[in-house]
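Asks: Got a structure for you, questions after.
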Amino acid sequence: MKLYTYFRSSAAYRVRIALNLKGLTPEMVPVHLVRGGGEQRQPAFLALNPQGLVPALEDEGHVLTQSLAIIEYLDETHPVPPLLPGDPAGRARVRAIAQSIACEIHPLNNLRVLGYLTGTLGVTDAQKHAWCRHWVQTGFAALEARLATDPATGRYCHGEAPTLADCLLVPQLFNARRFEVDLAPYPTLCRIEAACLALDAFVAAAPERQADAA
């Protein structure tokens, strides 16, 4: 098993958390998203993933892309501990939380989007950061409201064990701090993050702990 990763990619961060929760230790293959114009744009990597995105996971002769699909694959092939609840309603809730981050927040502060804002549209760094903060705050406000009032929320996003949703929440909070988002309005998100960061699986997946962070 190989994971093509970048230390600061929140999508790769999600998969690293899931791998750690499963007790899996794949070979880590760094793909630097900035150096030399971006190693993800090189022909060798594009042959692996034509989207030119990390993460990508090679396993059993398959190349898997997109972080949510990879995590669900890991959950199906290595079902203990489960990252999705056993009941349909619970699975739908966890997927909805995860997708609210992966589909509604993260794409708007992705490296490609930010590069287009500054490189093509000519926005300033201050405007770029304001853009990021706006969309993170919009998404977090809705997520906070949901998690704070839903009885299905427990120590983690769903109940008393980490799930797919937590694998996405922690990296998005990391990103939010990079863009100096005020997290005070989101106490439930921060409480859940603290519970996650008490687990070695989350700590070991952190960007600063990766070999390519140097």
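Asks: Can you tell me which of Val29, Val34 is open to solvent by 30 Å² or more (accessible area, probe 1.4 Å) and either of a type outside the set (A, V, I, L, M) or modelled with pLDDT under 95 (or both)?
Replies: Val34
Asks: Right, something else. Out of the helices (runs of 4 or more DSSP H) lying entirely within region 103-212, which hold 1 or more residues that are surrounded by fewer than 16 Cβ atoms within 10 Å (Cβ to Cβ) and modelled with pLDDT under 95?
Replies: 111-119, 125-149, 164-178
Asks: Limited to region 1-38, what total is found for residues that are in a helix (DSSP H, G or I) and touching a strand residue (DSSP E or B) at 6+ places or on another chain (Cβ under 8 Å)?
Replies: 4
Asks: Within region 93-102, can one find any residue that is surrounded by fewer than 17 Cβ atoms within 10 Å (Cβ to Cβ), outside any strand (DSSP E or B) and without any contact (Cβ under 8 Å) to a residue 40 or more places away in the chain?
Replies: yes
Asks: Oh, and also: Name every residue in region 60-76 that is touching a strand residue (DSSP E or B) at 6+ places or on another chain (Cβ under 8 Å) and open to solvent by 60 Å² or more (accessible area, probe 1.4 Å), in order of residue number.
Replies: Correct list: Val63 only.
Asks: Moving to a separate point now. Output the number of residues of region 39-59 satisfying the condition of being touching a residue at least 40 places away in the same chain (Cβ under 8 Å) and in a loop (DSSP other than H, G, I, E, B).
Replies: Selection size over region 39-59: 4.
Asks: Give the residues of region 55-69 that are within 12 Å of Lys2 (Cβ to Cβ) and either modelled with pLDDT of 95 or more or acidic (Asp, Glu) (or both), sorted by residue number.
Replies: Pro55, Ala56, Leu57, Glu58, Asp59, Glu60, His62, Val63, Leu64
The values are calculated or read from the model by the stated rules, or taken from the named source; none is laboratory data. This structure is a prediction, so every number in the text was calculated from the model and none was measured. For neighbour counting, all protein chains shown are included, and Cβ atoms are generated from backbone atoms with ideal geometry for every residue, glycine included. Just the protein is used for accessible areas: all its heavy atoms, side chains included, with ligands, DNA and RNA removed. Shrake-Rupley method; radii C 1.70, N 1.55, O 1.52, S 1.80 Å.
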